[in-house]
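Notes follow once the structure below has been shown.
The values are calculated or read from the model by the stated rules, or taken from the named source; none is laboratory data. Note that the structure is a prediction, hence the values are computed from the model and not measured. Virtual Cβ from ideal backbone geometry, glycine too; neighbours counted across all protein chains shown. These area figures cover heavy atoms from the full protein model, side chains too; ligands, DNA and RNA do not enter into them. Shrake-Rupley method; radii C 1.70, N 1.55, O 1.52, S 1.80 Å.
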Amino acid sequence: MTEILKSFEFEFDKYISGATSQLDAISAASSGDQMRMLRGIENDITEAEKILKQMDIQVAALDKSVKSRYVDKYKELKKNLDSLRKDHLKKQNEVAMTSGKESLFAGANQEARDGQQISKASRIVEQNNKLVAAKRVAFETEDISIGIQRELNRNTEVLTRAIGRTKEADQEIGKSNKLLNQIGRRMMMNKLTLYSVLAVVCLVFVLIFYLKFK
């Protein structure tokens, strides 16, 4: 299972690195390229989130001896993802506002059009914020689902240990029954031996009396 977690971590780092590189280079890109790069970053963040969810499920099922180490690693990766998500949202707002300003100052005789561009940019920012809020709700719902699955895994471990203890108890009971049977057989043999000795003693006494009074 640890190998699976390592592969998840590798894939996660790949998406985070790619998104970070695009985010750093977006300021120097043209307006059209900026929107394309923002969509690419969003896709990378979504894939990284999916991997992190799978990691959370795998970590929950780990043995306690190694679990704490991977829990700390999971928290670190989640912190990096949250930071990248905030930077992405900030850059989205900056690009939208810059696009609106460029349209605003494109011509001195286009005030009406400029107002429409600013309004459009504001709507884009508002829509982005709503989309982020909707995603947050979706992820919170998924977190609840993962929490339930984690609890089921935990209960499964408890049940498995209980079954193991029951099997051990059955084995001990079986050993005790065998021991009691052996003791019973020995007691029966001892009784037979005692009865045999008494019979021989009685036979000897009878023989002595017979020979004495003959």
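Sketch the reach of a paramagnetic label on Arg150 as a point 7 Å from Cα along Cα-to-Cβ, and name the residues of region 69-99 whose backbone nitrogen lies under 13 Å away.
70-76, 78
If I stretch the segment between Ile208 and Asn93 completely, what's the gain in nm (0.36 nm per residue apart, minus their alpha carbon distance), one decimal? Walk me through the numbers on the way to the answer.
Details: separation 115, 0.36 × 115 = 41.40 nm, distance 12.29 nm.
Full extension of this stretch gives 29.1 nm more.
Distance between Cα centroids, region 18-47 to region 165-214: provide it in whole Å.
91 Å
For a Förster distance of 35 Å, can you work out the FRET efficiency between the beta-carbons of Asn43 and Arg123, rounded to the nearest 0.05?
Here the calculated transfer efficiency is 0.95.
Considering only the other residues whose Cβ falls under 12 Å of the Cβ of Asn93, what net charge follows from Lys and Arg at +1 and Asp and Glu at -1? Walk me through the numbers on the way to the answer.
On the way: positive: Lys86, Lys90, Lys91; negative: Asp87, Glu94, Glu126.
Around Asn93, the surrounding residues sum to 0.
Distance in nm between label sites at Arg185 and Ile57, each 7 Å beyond Cα in the beta-carbon direction?
5.4 nm
I want to check the label-to-label distance for Ser7 and Ser31. Put each point 7 Å from Cα in the C-beta direction and report it in nm to one decimal.
4.5 nm
Using θ = phi - 60° and the Karplus relation 6.51 cos²θ - 1.76 cosθ + 1.60, list the HN-Hα couplings for region 156-172 in order, rounded to whole Hz, with x at every Gly or Pro.
For region 156-172, the Karplus-derived couplings read 5, 5, 4, 5, 5, 5, 5, 5, x, 5, 5, 5, 4, 5, 4, 5, 5 Hz, x marking Gly and Pro.
With θ set to phi - 60°, apply the Karplus curve 6.51 cos²θ - 1.76 cosθ + 1.60 along region 54-67 and write out the HN-Hα couplings as whole Hz, x wherever there is a Gly or Pro.
Each residue of region 54-67 in turn: 5, 4, 4, 5, 5, 5, 4, 8, 6, 5, 4, 5, 10, 5 Hz.
Per residue, how many Å² of accessible area does region 1-99 show with a 1.4 Å probe?
Numbers: 5570 Å² over 99 residues.
Computed with neighbouring chains in place, this is 56 Å² per residue.
Which pairs in the list Lys78/Lys130; Lys67/Lys90; Lys6/Lys130; Lys6/Lys75; Lys50/Lys90; Lys6/Lys90 are over 25 Å apart, alpha-carbon to alpha-carbon? Before the final figure, lay out the partial values.
Details: Lys78/Lys130 22 Å; Lys67/Lys90 35 Å; Lys6/Lys130 34 Å; Lys6/Lys75 15 Å; Lys50/Lys90 22 Å; Lys6/Lys90 31 Å.
Violating the 25 Å Cα-Cα cut-off are Lys67/Lys90; Lys6/Lys130; Lys6/Lys90.
In region 1-66, what percent of the accessible surface is made up of carbon and sulfur (1.4 Å probe, ligands and nucleic acids excluded)?
Numbers: 1880 of 3530 Å².
Carbon with sulfur: 53 percent of the solvent-accessible area.
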